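The values are calculated or read from the model by the stated rules, or taken from the named source; none is laboratory data. Values in this document were obtained by computation on a predicted structure and should not be read as measured data. Quick reminder, even Gly has a Cβ in these numbers, built from the backbone with ideal geometry, and neighbours come from all protein chains shown.
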Protein chains: 2
Amino acid sequence: MSAVYAVIMAGGSGTRFWPLSRAKTPKQVISMLGNKSLLQETVARLKGLIPNERIFIATNRHQKKVIAPQLPELSDNNYLIEPSARNTAPSIGLAAMHIKRIDPEGIMVILPSDHLVHNVEGFQKTVKVAVEAARKHDALVTFGIPPTRPETGYGYMQFSPGSPDLPETVHRVKTFAEKPNKATALRFISSGDFYWNSGIFIWKASRILAEFEEHLPDQSHQLELIEKSYGSPNYLRSLVTRYRRIRSISIDYGVMEVTKTPILMVEGNFGWSDVGSWDELYRQYTPGTDGNVIIGEGTTLDSKNCFVYSHDKMTALIGLENMLIVNTPNALLICPLDKAQNVKQIVEKIRAEGKEKYL
Amino acid sequence: MSAVYAVIMAGGSGTRFWPLSRAKTPKQVISMLGNKSLLQETVARLKGLIPNERIFIATNRHQKKVIAPQLPELSDNNYLIEPSARNTAPSIGLAAMHIKRIDPEGIMVILPSDHLVHNVEGFQKTVKVAVEAARKHDALVTFGIPPTRPETGYGYMQFSPGSPDLPETVHRVKTFAEKPNKATALRFISSGDFYWNSGIFIWKASRILAEFEEHLPDQSHQLELIEKSYGSPNYLRSLVTRYRRIRSISIDYGVMEVTKTPILMVEGNFGWSDVGSWDELYRQYTPGTDGNVIIGEGTTLDSKNCFVYSHDKMTALIGLENMLIVNTPNALLICPLDKAQNVKQIVEKIRAEGKEKYL
């Protein structure tokens, strides 16, 4: 029977959690909740499901330096190093080539490295259902998260509920919908047949490579040239030069939204969050009666629904509402929680001011 | 001719500038504006007007430890140590006793240690006018500041403008008015005959001691007993025990508002501020076009009229208005500027929580 491989996508370098996350220490490698980093949690979540030798970390050589010390249970063989950043499709293609080479029937479980899962047992059960569906139907399988609010920051998937040839929690996907506006999001969640796209994908390596051939022929061609040089003294040079030539594209745009192959969605009821914003991180905590969440030492007066993330000093709030305060050794951010998406802009501003040392 | 002595009141320990000011480093000894502390500025402001040997710092022994290193030009003889905190009247009484002892005709210029004066030349000219008025009329003389806004945090003095026997800038005070509400403050400033009470007083030592005898007989009695023991081995013990028995009272309540002796007010046009709140400190700066004042390193996005006081890190503001941010090595305060008067309450709260190390 074909084996199951995990591909953890750990090359991202967002700015949404500045000043907690930094250029050299992106979100997935910092401890946002608890002691482990989100990446460490992602790896730990696979324990008993996928053995370490079948876990691959897709990242770049810079981030590997930060990641490797966090994952002492893994070795160099566990890393798939991308020579340049080309978004998710090329990265998944490279991983699929690698897995197909070692196991022609191998099944890939593609996992973001910076998401949160509260119920690990439920997560593992869902992976097993998804792997079974990918194996049996040679389908593209995704995890759909039942939405709990009209979130405008996520993509959605519309599905046809139930099918006699599928398990109870597996459905056929009808359409992918990009991040909606508020009205559309409200319509989506009241319809009941739109789930959040978790960015978790399960399929045979051979299946996704066939999709590349059909829908991303240029990318596929470059990947095949890389593959051909594998084992030769030219390999690394070929990888670097050819990968750089590949056009950046996400797996959603490149494959999921255009494929004719059946896409199956497994219901993911395991307390998922993409922890994609300060706002979302705040929601992961249980606030006091005043709605304040204070990580570190703090005190408040006439303040509610504030989120303080500060480790090195006493933080005192007076008369604030819905405010985010992030205090790190060399930078302090203060921003209404509902404007936290503008953190990207302030990061750009600091960069433009030539103060990269704070980024 | 009688000599002029300065008595600088430096015993205060307010909490309005927490977390910048602390229990052990009150407002007058910290550098709020520029490099010098407000107390250093107060002493420097007397240069050329009153020689060092006639400057007295009224404080307590704890604060003297912080003050003395800031004023290397002064010696122990310049300090009048209060054994306990008894508000301004007893402190002024003790200083008056001391000055009368060394100079029966001595004139006292009583100055708060934590005020700001932008025009030192104007200040010195005003002191000279006031000293002359105190000498000639044996009056109680105050400095009245022409109000620039309907401030509710100051006391006011109503005066009768002009008098043939007085210089142009000297007026007779009719009434003292405590901190008014907004409507009353508006009425005061539109009337034109209400000036701010600066807390600066000028009079003969003998004059104020006569006032004590009449209006504060208990205090006067204790002060006389202290005075009688001066030079004896008992002096220090007498000072400590008798001063402790003196009832706390301010010079305004105890003398100014009840005396029948003429009170004269000299117009103080020298760019005065009591720097009594964060709000008022903010007003001392010239903000950028967006109204933001950032002391330290900072950057803003969609923010206006904010005041950042932070020295050790980059402060980034997004979407804030009229916000005060004070960042010190072990404490951070965030508060709307117009609620900065509640800082006292948060200090009480931190104390109640047993976290004195932050105070």
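Filter segment A:295-319 down to residues that are within 26 Å of the chain's Cα centre (by Cα) and modelled with pLDDT of 95 or more and give me whichever is nearest to B:F17 (Cα to Cα). If we take residues in segment A:295-319 being within 26 Å of the chain's Cα centre (by Cα) and modelled with pLDDT of 95 or more, then A:V308 is nearest to B:F17 (Cα to Cα). Is it fair to say A:L38 is touching a strand residue (DSSP E or B) at 6+ places or on another chain (Cβ under 8 Å) and under 30 Å from A:N342 (Cβ atoms)? Considered against the rule, which asks whether it is touching a strand residue (DSSP E or B) at 6+ places or on another chain (Cβ under 8 Å) and under 30 Å from A:N342 (Cβ atoms), A:L38 comes out as yes. Identification of strands (runs of 3 or more DSSP E) wholly contained in segment A:293-359 with 2 or more residues that are touching a helix residue (DSSP H, G or I) at 6+ places or on another chain (Cβ under 8 Å), closer than 23 Å to B:H311 by Cα and touching a residue at least 40 places away in the same chain (Cβ under 8 Å) yields A:323-327, A:331-336. Within the set B:L225, B:L209, the sole residue that is without any contact (Cβ under 8 Å) to a residue 24 or more places away in the chain and either in the same structural domain as B:E151 (by TED's automatic domain parsing) or in contact with a strand residue (DSSP E or B) (Cβ under 8 Å, 6 or more places away or on another chain) (or both) turns out to be B:L225.
The set of residues from segment A:55-75 being in a helix (DSSP H, G or I) and surrounded by fewer than 20 Cβ atoms within 10 Å (Cβ to Cβ) comprises A:R61, A:H62, A:K64, A:K65, A:V66, A:A68, A:P69, A:Q70. Scanning segment A:294-316 for residues that are in contact with a Phe, Trp or Tyr (Cβ under 6 Å, 6 or more places away or on another chain), surrounded by fewer than 21 Cβ atoms within 10 Å (Cβ to Cβ) and at the interface with another protein chain (Cβ under 7 Å from one of its Cβ atoms) returns no hits.
The listed residues are B:Y285, B:Y195, B:Y243, B:Y253, and the only one of them that is among the aromatic types (F, W, Y), outside the structural domain of B:W18 (by TED's automatic domain parsing) and either at negative phi or assigned to a loop (DSSP other than H, G, I, E, B) (or both) turns out to be B:Y285.
Can you work out which of the residues in segment B:22-54 that are of a type in the set (S, T, Y) and crowded, with 22+ Cβ neighbours inside 10 Å is farthest from B:V109 (Cα to Cα)? Among residues in segment B:22-54 that are of a type in the set (S, T, Y) and crowded, with 22+ Cβ neighbours inside 10 Å, the one farthest from B:V109 (Cα to Cα) is B:S37. Checking each residue in segment A:256-282 for being in a loop (DSSP other than H, G, I, E, B) and touching a residue at least 60 places away in the same chain (Cβ under 8 Å) picks out A:E257, A:T259, A:T261, A:P262, A:G268, A:N269, A:F270, A:G271, A:D274, A:V275, A:G276, A:S277.
Here is a check on your reading of the model: is B:F270 within 14 Å of chain A (Cβ to nearest Cβ), surrounded by 17 or more Cβ atoms within 10 Å (Cβ to Cβ) and not charged (D, E, K, R)? So B:F270 fails the test.
Taken over segment B:76-114, the criterion of being part of a helix (DSSP H, G or I), surrounded by 17 or more Cβ atoms within 10 Å (Cβ to Cβ) and not polar (S, T, N, Q) is satisfied by B:A89, B:P90, B:I92, B:G93, B:L94, B:A95, B:A96, B:M97, B:H98, B:I99, B:K100.
For the criterion of being in contact (Cβ under 8 Å) with a residue 12 or more places away in the chain, in contact with a Phe, Trp or Tyr (Cβ under 6 Å, 6 or more places away or on another chain) and not aromatic (F, W, Y), B:A177 passes.
Within segment B:235-248, does at least one residue satisfy the condition of being under 28 Å from B:T148 (Cβ atoms), out of contact with any helix residue (DSSP H, G or I) (no Cβ under 6 Å at 6 or more places or on another chain) and β-branched (V, I, T)? There is no residue in segment B:235-248 that is under 28 Å from B:T148 (Cβ atoms), out of contact with any helix residue (DSSP H, G or I) (no Cβ under 6 Å at 6 or more places or on another chain) and β-branched (V, I, T). Residues in segment A:226-258 that are polar (S, T, N, Q) and more than 20 Å from the chain's Cα centre (by Cα) were compared, and the one that is surrounded by the fewest Cβ atoms within 10 Å (Cβ to Cβ) is A:S232.
Of the residues making up segment A:50-79, those that are closer than 17 Å to A:V29 by Cα and among the basic types (K, R) are A:R61, A:K64, A:K65.
One line per residue, one yes/no per condition, for (1) hydroxyl-bearing (S, T, Y); (2) modelled with pLDDT of 95 or more:
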position: A:G12; (1), (2): no, no
position: A:T15; (1), (2): yes, no
position: A:A23; (1), (2): no, no
position: A:M32; (1), (2): no, no
position: A:G48; (1), (2): no, yes
position: A:F56; (1), (2): no, yes
position: A:L71; (1), (2): no, yes
position: A:A95; (1), (2): no, yes
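Restricting attention to segment A:273-291 and to residues that are surrounded by fewer than 21 Cβ atoms within 10 Å (Cβ to Cβ) and within 14 Å of another protein chain (Cβ to nearest Cβ), the residue that is modelled with the highest pLDDT turns out to be A:D290.
Any idea how many residues of segment B:167-203 are surrounded by 14 or more Cβ atoms within 10 Å (Cβ to Cβ), under 25 Å from B:V129 (Cα atoms) and among the small types (G, A, S)? So the answer is 3. Only one of the listed residues (B:T142, B:T126) is closer than 12 Å to B:N197 by Cβ, out of contact with any Asp or Glu (no Cβ under 7 Å at 6 or more places or on another chain) and either outside the structural domain of B:I251 (by TED's automatic domain parsing) or crowded, with 19+ Cβ neighbours inside 10 Å (or both). That residue is B:T142. Please determine, by comparing only the residues of segment A:327-359 that are more than 9 Å from chain B (Cβ to nearest Cβ) and among the hydrophobic types (A, V, I, L, M, F, W, C), which one is surrounded by the fewest Cβ atoms within 10 Å (Cβ to Cβ). Among residues in segment A:327-359 that are more than 9 Å from chain B (Cβ to nearest Cβ) and among the hydrophobic types (A, V, I, L, M, F, W, C), the one surrounded by the fewest Cβ atoms within 10 Å (Cβ to Cβ) is A:A352. Number of residues in segment A:173-192 that are closer than 22 Å to A:T259 by Cα and either part of a helix (DSSP H, G or I) or not acidic (D, E) (or both) equals 7.
Per this entry, A:G319 is not counted among residues that are surrounded by fewer than 23 Cβ atoms within 10 Å (Cβ to Cβ), of a type in the set (G, A, S), more than 13 Å from chain B (Cβ to nearest Cβ) and in contact with a Lys or Arg (Cβ under 7 Å, 6 or more places away or on another chain).
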